[in-house]
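Working notes, structure below.
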Amino acid sequence: HDINENNLNMIRQILEKIIAVNNLPTKVTASLDRRRALEGARYVVNCVRVGGLEAFADDIRIPLKYGVDQCVGDTLCAGGIMYGQRTIPAMLEFAKDIREVAEPGALMLNYANPMAMNTWAMIDHGGVNTVGLCHGVQNGWRQIADALGAEDPAEVEYVCIGINHQTWYTDIRYDGREISKEELVEALERHPEYSKEERVRIDVLKRFGYYSTESNGHLSEYLPWYRKRPDEINRWIDLSNWINGETGGYLRVCTERRNWFETDFPKFLEQADIPLAEYTRTDEHASYIIEALEGGKPYRGHFNVKNDGLISNLASDAIVESPGYVDAFGFNMAAGHELPLACAATCAASVDVQRMSVQAAVTGDVELLKQSMLHDPLVGAVCNPEEIWQMTDEMLVAQSEWLPQYADHIGAASDRLSKGTVKTRDWDGAARLKVRSVEELRSTAKDKALSVEAVSKKINV
């Protein structure tokens, strides 16, 4: 299902060709009617971006006027909080349809950010069995394995706990022994790429004693220390890849890839002719979860679920990311973990922001929304209260078409803006790169690795 008929038809064509080429006993239905698409569903995979790239651009652009420089802006910080305000009302509408027309007990596998806020809202307010899924734990694990020199990431075992995008590798085992902080720091600083690309993560590892799952750019915007002063941002980031900290990097890449996919769709469709036997199965959570629930083959992964004692020193109502197993009996989470104190303190600050943001999104409480902005680590490090109040009003007005719960407050916010005394600036950020054309993407040597064939071979199968 999609609300965009063109997008829906492109994906439908690719799936139908894969099915035909591989003689799969599978049927694809595609509908612009969400309730019809959800009828009888046992599993619902959610990948929405409410407001699309237009709203996403405001998530980056408006905070920059107040000095808040984000790399991604989809999980926390000003952009992530507003993303949640747009997404949660829509997801609660999804939940209503799921309760009414899907199979009883249907499971939502949520990939949409802000992960913790969306999953929290679905469980507490949507009444739908929801588990959040993310790729950060696997990606960090592969990076650690590479730095340690493992030929196969499977040689490295680990426990990773925390909250989504702030999850911590609290136990790493390789070659029959536990890997110390000192050994991991040395391995990362020795690596020709990670030593330059992961300065924030390595610095946090040195100070906290534990490595974080999330990329350099993501992690830098969840903390109050690395993006608070414009003249220092470039000290901590690297522009070889957007995910290393580029201002608005994810927005740029999403825009480029959207343009590229629409332009080169016939080539992507042609690549669907490649038999699945020629692909290597990825470690994508969703396929393994469904396989485990339907076929009983156990799968160990890291899932975003209600805490309820899984991590003893985080709030019980929080959504945590923690290890567990799935089989024919369902999800079986390992309880009794405890985060190191510095890691717990950082996560707890984010949990408080998430809790306020979810409640604001559900109730349309403008003051609570502003209070969540006020307590956000990076926003609070950069802005004073008056600036935060005005910035929030500006974002509410700009994104009003996607914020039905605030409909009665937009007029007042607009009036306050017209009388606002906070001076803003026209600023592109400390490290902004321009959106490249499809021709530029094709021609640059760096992007040849992302050719249509290379991209298609990375599709999860």
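To the nearest 10, the accessible area of D428 is 100 Å² with a 1.4 Å probe. A Förster radius of 45 Å combined with the Cβ-Cβ distance from D273 to D415 puts the calculated FRET efficiency at roughly 0.20. The mean sequence distance of close C-alpha pairs (under 8 Å, at least 6 residues apart), as a share of the length of the chain, puts its relative contact order at 20 percent. A straight line joining the Cα centroids of segment 280-312 and segment 364-407 runs 35 Å. Per-atom-type breakdown for segment 1-87 gives carbon and sulfur 49% of the accessible area (1.4 Å probe, protein chains only). For V156, neighbours were defined as the other residues whose beta-carbon sits under 10 Å from its Cβ, and their charges (Lys and Arg +1, Asp and Glu -1) total -3.
Scaling against 2.2 N^0.38 Å puts the C-alpha radius of gyration of segment 248-313 at 1.72.
3J(HN,Hα) along segment 116-128, derived from phi through the Karplus expression 6.51 cos²θ - 1.76 cosθ + 1.60 where θ = phi - 60°, amounts to 5, 4, 5, 5, 4, 5, 5, 6, 7, 10, x, x, 10 Hz, with x in place of Gly and Pro. Rounded to the nearest whole Hz, the Karplus-based 3J(HN,Hα) values (6.51 cos²θ - 1.76 cosθ + 1.60, θ = phi - 60°) of segment 182-197 follow the sequence 4, 5, 5, 4, 4, 5, 5, 6, 7, 6, x, 9, 4, 4, 9, 8, with x at glycine and proline. With P(r) over Cα pairs in 10 Å bins from 0, in percent defined as stated, name the option among (i) 4, 18, 28, 26, 16, 6, 1, 0; (ii) 4, 19, 30, 29, 15, 2, 0; (iii) 4, 17, 24, 23, 17, 10, 4, 1, 0, 0 computed from the structure displayed. Working out P(r) over Cα pairs in 10 Å bins from 0, in percent from the coordinates points to (ii). In sequence order, segment 375-381 has phi-based couplings of 8, 5, x, 6, 4, x, 6 Hz under the Karplus curve 6.51 cos²θ - 1.76 cosθ + 1.60, θ = phi - 60°, and Gly or Pro positions carry x.
Database remark: amide H of N164 closer than 5 angstrom to the amide H of E321 (H placed geometrically; neighbours at sequence offset of 5 or more, or on other chains; Pro and chain starts carry no H). Taking 7 Å steps out from each Cα toward its Cβ at L24 and K206 produces label points 4.7 nm apart. Take every DSSP beta bridge whose two residues both sit in the chain; close to 70 percent of them are antiparallel.
Here the accessible area is traced with a 1.4 Å probe on the protein chains. For segment 105-195, carbon and sulfur cover 42 percent of it. The listed residues I237, I410 rank as I410, I237 when sorted by accessible area, largest first, using a 1.4 Å probe.
Here's how it looks for Y211: its modeled amide H is under 5 Å from those of Y169, which are all 5 or more places away or on a different chain.
Quick one: Cα centre-to-centre distance for segment 177-206 and segment 18-92, in angstrom? Each part reduced to its Cα centre gives a spacing of 33 Å.
K96 exposes around 80 Å² of accessible area when a 1.4 Å probe is run over every protein chain in place. Of C254, C160, the order by accessible heavy-atom surface (1.4 Å probe, DNA, RNA and ligands excluded), from most exposed downward, is C254, C160. Across every pair of non-identical alpha carbons in segment 40-128, the mean reciprocal distance, once inverted, gives a Kirkwood radius of 13.7 Å. Choose one of G51, G73, M91: the residue whose Cα lies farthest towards the positive end of the charge dipole of segment 16-108 (beta-carbon charges +1 Lys, Arg; -1 Asp, Glu; about the Cα centre). With unit charges placed on the Cβ atoms, the residue in question is M91. Taking amide H as placed 1.01 Å from N in the peptide plane, the amide H of V45 sits under 5 Å from that of L109, each at least 5 places away or on another chain. Looking at the chain, the accessible area is 44 square angstrom per residue; that uses a 1.4 Å probe and ignores ligands, DNA and RNA. Counting only DSSP beta bridges whose two residues both lie in segment 259-388, roughly 90 percent are antiparallel.
The values are calculated or read from the model by the stated rules, or taken from the named source; none is laboratory data. Remember, predicted model here, so these are calculated numbers, not experimental data. Cβ: placed from backbone, ideal geometry, glycine included. Neighbour counts: every protein chain shown. Each accessible area value is taken on the protein alone, full model and side chains, heavy atoms only, with ligands, DNA and RNA left out. Shrake-Rupley method; radii C 1.70, N 1.55, O 1.52, S 1.80 Å.
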